[in-house]
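Only one structure is covered here, and it is reproduced in the block below.
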Amino acid sequence: MFKTIDRYLAVLVIGFKQQLAYKKDYFLTLGFRIFASFIMVAVWTAVYLNSDVTSIGGFTLPQMYLYFFLINAIAISSFNEPISENIQDDIQSGTVTTALVKPVAYTAQIFLNSLGNNIFAGLAVTLPFLALIVLIGHLALSIQAIAFFLIEMALSFTVSTFIFFMIGTLAVYLTNIWGIIAVTESLYMLLGGGVVPLSLLPSWANNILALLPMQLSLYLPAATLLGMASTGEILQSILVGLVWAVPLFALSVLVWNRVRGKITSVGG
Amino acid sequence: MEDYAVRVENVSKWFKAHEVRRSGSFVTKLLRKTYFKHALRDVSFDIKQGEIVALLGRNGSGKSTLIKILSGILHADSGKVSVLGLEPWTERIELAQQLGVVLGAHGQLFWNLPAVDAFEYMRGVYNIGQEEYRRRLRYFLKTLDLEHVYSRQVRTMSLGEQMKCNFVASVLHNPKIVFLDEPTIGVDLPSKIALRKTVAELQAKYKTTFILTTHIVEDIGIAQRVILLSRGKMVFDDTRLKLEAMFGDKRHVELHMAEPNHINFGRYGKVLKRGETTVVMEVSKNVLKTKNFLALLNRKEILDYRVAEPGLNFILNKFYAKLDREKR
Amino acid sequence: MENRLVRDIRFYLLSQYYWWRGFLVYREQAAMWLIYSIINTAYSYITVAVIYAVSSGIAGWSYYQMLFLVSTATIVMNALYYNVNINWLMDLLRRGGMDPYLIRPYGRISIFLSAQEGISSASAILGGFVMLLYSAFKIGFNAIGLLAYLTLVVVGGVTLVLFTLMLIMLFYHLLKSANFVQRLLSFVQQASQYPLAVYGFVGQLIFTLVIPVGFASYYPAKAFLSSISALGFSEAIAIASAISIVSYVAFNKLQIYYTSGGG
C-alpha cells in the first residue's frame, strides 16, 4: 500500500518541481496580475467618484480594490495549469498512449500533476501576495476564515479539475477544441466572479450562481478573506460544491472510460 | 553580362551563443555569458552560371549558414557576396525573384491544403504567366511522377512526395539559381532519383545554377564540382572526380570464406571489417598485383572475392580524419 | 513596375486567402469560430453592462458611448492578433522557420504578416463589429466624426502592428521568448477597453507614448463622439505616425540579429 502512495506522491512532487524551472515565469505572471488589478482600481475609482456613492453591491471602494487584488492573487495558483490544453496536446501527439501504460492512472497523473503545480504556485506566489494584501488592507483574519478559505480552494480545485478534464477529452472527437476551451475558461471566470464581484449581478443571476460550484474559485474565497461572506453563505457554497463534486467525479470517470476505449481501439 | 552566378570573397560569420541558464531572474538571464561560434571563416569561391555544385560538410561545418547568406536570409559579418550580380542582404527582394531555395520537406506548402494550392499560390507570389505556369507544372508533374499526388492534402503525403512537391513549389518560377538544402534526407530512393534527374534536366535546358548542400554521398553524383567545408573553412574546391581520386590509390577487397579461420590478413593491407566468414580490407593498388596477394586469393579457404574502388563516403571520412589529425 | 507597397499589399491579401482556405478545410473549426465570436462578444461587455446597471458609470461616457469604446478596442486589438500571432512568430524566428518566407520577393513587414495567421482572433472582430454598429446607431453620428474615427483607427491600428512587430524582434534578439510581449499585450488589451482618462495623466501617457494603444481605441472613439479638437486630432495622427516610423526603422535594423536557428 505504501508503494502506491509512493508512486502517486512522486507524480505530485514532479509537478511541484517542474514549476521550479519556471520561476521567472511566475514573476512575470505576478507582475502583470498586479498591473491588471490596477486597471480595475482605476476604473472602479472613476465609477464610485462619478456615482458619488460609498458602496456598490455591498462593496466599499477600498473593498473593491482589495477584491480585485485578492482574486488575481488566487487566480495565479487556481488558474495555473491549462489542463484542457495539456490533455488536448497529449491526445493529438499520441503521448497519451504511453501515459496509459504507466503504473499511475492517467487521470490521477493529470490530477496530481496539476495539484503539484498549483500547490507550488500557491506557496511561492499566492501566499506571499495574499499576505501582503492582508497586511496592506488591514484585513482581520480569523482562524475560521482561513480554514474556510482553504476548504474553498481545495473544493474549487477538485471541481474545476473534473470539468476541465472532461473538456480536454473532447480532443478525441474533434481535431481542434481551442474555441471550446476558450469559451469554458471565459465562462468559468465570469461565473466565478473574476470579471465583476458576483454581488453586483442581478438577483436572478445570483440565485442561479448559488446553485453552481464556480463561485468557489474566486468570489467566495475573496469574500471570505474580506470578511464579507456570512458563515451561512460559506457553508451553503461548500455544500453546493460537495454536491457537485460527486456527480462530476462520476461523470469524469464515465467519460474517461469511454474516451480511453476510443483511444486504444484506434491504436492511439 | 554577368558570367558568374555566385562570387564569394573572404566571407566570415560568427554566431553569439549563450551559456544557457535555466534558473535565475530576468536580470541574470540578460547578463549570461556569451561566447562566439565561428560558423564561416574566410570562405572564397566563384561559381559560373549553369554549374551544379555540391556543398559538402559535416553538421556544423557552415554549409547551411553559407546558403542562407547567399539567399539574403543571413548577413555575413565580413567579406563580399554577390549572387547574380546582386548583394543578397541589401538587394534581397530583387534577388528573390530569380532565386529558388528548397528548404526542408514542406517549407513552401500549406499543411492542410492540397499541394496544387501551394503551386497556385506561388504563381501569384512570383507573378508567373498562365501559359508558362501550366507548361512548367505539366513538366514537373510528369518528371517527378506527381500526377496522382499533387491534388492531395500535404499532411497525407509521404516525406518523398512532400519533398518533390516542395521542390516544384520552389522552382516553379524558373529561377536562375537554385539552392537545395539537404534535399533528400529521409526520402525514398525512387523520389531521390527523380529529383536528381530533374535537376540535371533543368541545368541542361535553362542553364540553371544549382548549389546543393548535403552529407548524403549519392546526391553528389549530379554535381561536377564539390566544395567541402570543415568547421567553417573551405578545405576542398575542385571537381568531384578529383575528390574521388584523392584516396584513389586504394582498393577495397571483400573476401568470402568457407568457414572461420585464422588467416592474418593484416599482412596485405588494413582490415576494415572482419566477420565470421567475411573480410573487408583496404589494399594499395600495387599490392593487388603482387604474387603474394594473388597467392592469398588462390587459397582454398577463399570462396569468392570482390574488388572495388572505395565509395565516396569512405573517401570523405578519410578526408575528415586527415583534417582532424591536422587540427591537432 | 508596380509600386512596392501595392505589391506587398497584394502579396499580403493573397496569403490571407490561402490561410483562410486552410482554416476552412475543417468545417468544425469554422463552427467553433462562430460560436466563440458570439460568446466572446458578450463576455467583453459584461463589465461595462454591470457597471452601468449598478451605477452612473464613468464620467463623460454614456452607456452606449462606453460600448462603442469597448467595441473599438476589441476590434483593433484582435485585428492586431489576427495579423501578428505572437507565439507563432516567435517560434518561427527561433527555429529558423522564417527562412522559406524570407526568400520571397517582398518587403519584410508583409512577409512577417503573411508567414503566420491569427484567424481565431478574427472571430472576436466579427462580434465586436456587430456591437460597434449597434452602439453607433444608438449614439447617432455625423460624417466628420465618422471620417476622423476611421482615419485614426487605421493609423492607430497600423502603428500598433508595427510597434508589436518591432517588440517581437527586440525580444527575439534579447531573450528568444515571447512571454513578456504576450502578457504585455494582454494587459494593454484590457486597459484599452476603458477611457484612458481614468488612468490619470501618467497612465494616459503610458498608453499613448510607451505602448501606442491609445491611438487605436481611445482617441478614435473620442473623435467619433466629436470630443476631440482638430488640433488634438492632428497631434494624434502626427505622434502615431512618428511612432510608426520609429518602429518600422527599428524593426528593420533588428533584422540583422536573425540567426535562423544557428547560434
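Given the options B:Met122, B:Met163, B:Met281, state which has the largest fluctuation in a GNM of chain B using a 10 Å cut-off (strictly under) for Cα springs. Comparing B:Met122, B:Met163, B:Met281 in the GNM, the peak value goes to B:Met281. Per residue of chain A, the DSSP helices (runs of n ≥ 4 H) give a summed -39500 (n - 2.57) that works out to -25000 deg cm²/dmol at 222 nm. Against the main long axis of the alpha-carbon atoms of chain B, helix B:115-125 sits at an angle near 50°. Any chance you could give the angle, 0 to 90 degrees and rounded to 10, that helix C:63-83 forms with the longest Cα principal axis of chain C? In chain C, helix C:63-83 runs at an angle near 0 degrees to the longest axis. Among A:Trp178, C:Trp61, sorting on how many other beta-carbon atoms sit within 10 Å of each Cβ, with the fewest leading, yields A:Trp178, C:Trp61. Taking the convex hull of the alpha carbon positions in the protein assembly as shown and averaging its projected area over all directions gives 46.3 nm².
If the viscosity is 1.306 mPa s and the temperature 10 °C, what Stokes-Einstein diffusion coefficient in µm²/s follows for chain B when Rh is the Kirkwood radius over Cα pairs?
This corresponds to a translational diffusion coefficient of 70 µm²/s.
Shielding value for C:45-51 is 5, the average number of Cβ atoms from other chains within 10 Å of each residue's Cβ. Estimated from helices alone, the mean residue ellipticity of chain C at 222 nm is -24500 deg cm²/dmol (sum of -39500 (n - 2.57) over DSSP H runs with n ≥ 4, per residue).
Total Lys pairs in region A:2-266 closer than 27 Å by alpha-carbon, pairs eight or more apart in sequence or interchain only?
Lysine pairs meeting both conditions in region A:2-266 amount to 4.
With neighbours defined as other Cβ atoms within 10 Å of a residue's Cβ, the residues C:Arg108, B:Arg152 order from fewest to most as B:Arg152, C:Arg108. Annotation for region A:129-163 versus region C:18-69: alpha-carbon center distance of 32 Å.
Radius of gyration (Cα atoms) of region C:4-257, expressed as a multiple of 2.2 N^0.38 Å: 1.03. Counting DSSP beta bridges in the protein assembly as shown, what percent are antiparallel, to the nearest 5? Restricted to the protein assembly as shown, the bridges split so that about 70 percent are antiparallel. In degrees, nearest 10, range 0 to 90: what is the angle between the Cα axis of helix C:4-24 and the longest Cα principal axis of chain C? Between helix and principal axis, roughly 80 degrees. In chain B, helices alone account for a calculated mean residue ellipticity at 222 nm of -10000 deg cm²/dmol, with every DSSP H run of four or more residues adding -39,500 (n - 2.57). Counting only other residues whose beta carbon sits under 9 Å from that of B:Ala54, what net charge do I get with K and R as +1, D and E as -1? Net charge around B:Ala54: +1.
Spatial offset of region C:210-263 relative to region A:191-219 amounts to 39 Å, using the alpha carbon center of each.
Per-residue mean of other chain beta-carbon atoms within 10 angstrom of the beta-carbon, peptide A:26-35?
3
Overall, region B:249-308 carries a charge dipole of about 320 debye about its Cα centre when +1 sits on the Cβ of Lys and Arg and -1 on the Cβ of Asp and Glu, all other atoms neutral.
Averaged over the residues of peptide C:254-262, the number of Cβ atoms from other protein chains lying within 10 Å of each residue's Cβ is 5. Remark: relative contact order (chain B) = 18 percent; criterion is Cα-Cα distance under 8 angstrom and separation of 6 or more residues. Peptides A:149-156, C:128-135, B:299-306 ranked from most to least packed, by the mean per-residue count of other Cβ atoms within 10 Å: A:149-156, C:128-135, B:299-306. Using a cut-off of 19 Å between Cα atoms, the listed pairs B:Lys16/B:Lys80; B:Lys37/B:Lys63; B:Lys250/B:Lys289 include B:Lys16/B:Lys80 as exceeding that distance. Residue exposure proxy: B:His173, A:His138, B:His262, ordered by other Cβ atoms within 10 angstrom of their Cβ from fewest to most, comes out as B:His262, A:His138, B:His173. Given +1 at the Cβ of Lys and Arg, -1 at the Cβ of Asp and Glu and no other charges, the dipole of chain B around its Cα centre is 1140 debye to the nearest 20. Just B:Ser284, B:Ser78, B:Ser12 to compare: in a GNM of chain B, with alpha carbon springs under 10 Å, which one fluctuates most? The residue that fluctuates most here is B:Ser284. Taken about its Cα centre, region B:173-265 carries a charge dipole of about 500 debye when Lys and Arg each add +1 at the Cβ and Asp and Glu each add -1 at the Cβ. Among A:Val196, A:Val134, A:Val53, the largest mean-square fluctuation in a Gaussian network model of chain A, built with springs joining Cα atoms closer than 10 Å, belongs to A:Val53.
Every number here is computed from the coordinates shown, using simple stated rules; none is lab data. These numbers were taken from a predicted model, which means no experiment stands behind them. Here Cβ is always computed from backbone atoms with ideal geometry, including for glycine, and neighbour counts include all displayed protein chains.
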